[in-house]
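Below is one structure, written out as structure tokens; comments come after it.
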Amino acid sequence: MGWTDERVELLKKLWAEGLSASQIAGRLGGVTRNAVIGKVHRLGLSGRATSSRSSSPRPRRAAHVPRQHRATSLMFGMRGNVALKPQFEADAEPELLPLEELVIPLAERASILTLKETMCRWPIGDPGEPEFHFCGRKKCGSLPYCEHHARMAYQPVQLRRRERRFANG
């Protein structure tokens with residue numbers, strides 16, 4: 001259906017009343033929402049009556065503040081009994097000693113062919129070299145690594161950030 005003078009006048013009236021393009025298309029019949037939007041644009045009908053939704057602007061969400069920029073009073077951690085004195089998150093994490101390289105005896109080393117379900121899967125060396133092997137020690141629980149290599153693989157986030165800061169700074 002085309003745009004007759006009567007339909008254009010009805011479009012202008014409905015647009016001024018604040019109806020949406022979908023609502024206007026439904027009332028006119030035979031046109032799509034996009035056809036209504038196009039016609040409104042070509043007619044230059046930018047000014048709209050106030051919407052029935054709300055005349056006040058939507059409230060903005062509070063901006064996210066990264067942890068390192070928060071005030072220290074917000075960083076208290078409650079661990080265990082909350083009646084106890086709060087302590088800072090940085091103090092709550094135990095300090096881990098730097099890990100030394102583990103020397104694995106030849107008898108405990110494993111190749112891809114001798115690696116078993118209960119052995120540590122930590123790769124040592126370059127896979128292209130003949131000396132390449134896996135740790136082969138007894139693995140720790142459900143982790144794929146022994147206790148030593150699990151400590152290397154699963155470091156706390158805070159510790160990794162601290163190490164990165166010292167390396168860059």
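Conditions: (1) modelled with pLDDT of 65 or more; (2) polar (S, T, N, Q); (3) within 30 Å of M1 (Cα to Cα). T50 meets all but one. Number of the miss?
Only one criterion is unmet by T50, namely (1).
With respect to S111, determine if the residue is modelled with pLDDT of 60 or more, within 30 Å of L14 (Cβ to Cβ) and either out of contact with any Ser or Thr (no Cβ under 7 Å at 6 or more places or on another chain) or open to solvent by less than 100 Å² (accessible area, probe 1.4 Å) (or both).
Against the criterion (modelled with pLDDT of 60 or more, within 30 Å of L14 (Cβ to Cβ) and either out of contact with any Ser or Thr (no Cβ under 7 Å at 6 or more places or on another chain) or open to solvent by less than 100 Å² (accessible area, probe 1.4 Å) (or both)), S111 does not qualify.
Look at L143 and say whether it is modelled with pLDDT under 85, of a type in the set (A, V, I, L, M) and surrounded by 10 or more Cβ atoms within 10 Å (Cβ to Cβ).
no
Would you please name the residue that is most open to solvent (accessible area, probe 1.4 Å), looking only at residues in the stretch 114-140 that are part of a loop (DSSP other than H, G, I, E, B) and of a type in the set (K, R)?
For the stretch 114-140, the residue satisfying everything is K116.
Any residue in the stretch 135-146 that is under 16 Å from T114 (Cα atoms) and without any contact (Cβ under 8 Å) to a residue 40 or more places away in the chain sitting within a Cβ distance under 9 Å of a residue that is open to solvent by less than 60 Å² (accessible area, probe 1.4 Å) and of a type in the set (K, R)? List the pairs, counting only those 6 or more apart or interchain.
Sorted first by the residue in the stretch 135-146, then by its partner, the pairs are Y145/K139.
Quick check on E89: is it at pLDDT 90 or above and of a type in the set (D, E)?
The answer is no for E89.
Which one is surrounded by the fewest Cβ atoms within 10 Å (Cβ to Cβ) among residues in the stretch 1-34 that are among the charged types (D, E, K, R), closer than 20 Å to S46 by Cβ and under 46 Å from the mean Cα position of the chain (by Cα)?
Here the residue is E17.
The values are calculated or read from the model by the stated rules, or taken from the named source; none is laboratory data. On a predicted model such as this, the values are computed, not experimentally measured, just so you know. Don't worry about glycine lacking a Cβ; one is built from the backbone with ideal geometry, like all the others, and counts go over all protein chains shown. Note: accessible area is taken over every heavy atom of the protein model, side chains too, but ligands, DNA and RNA are not part of it. Shrake-Rupley method; radii C 1.70, N 1.55, O 1.52, S 1.80 Å.
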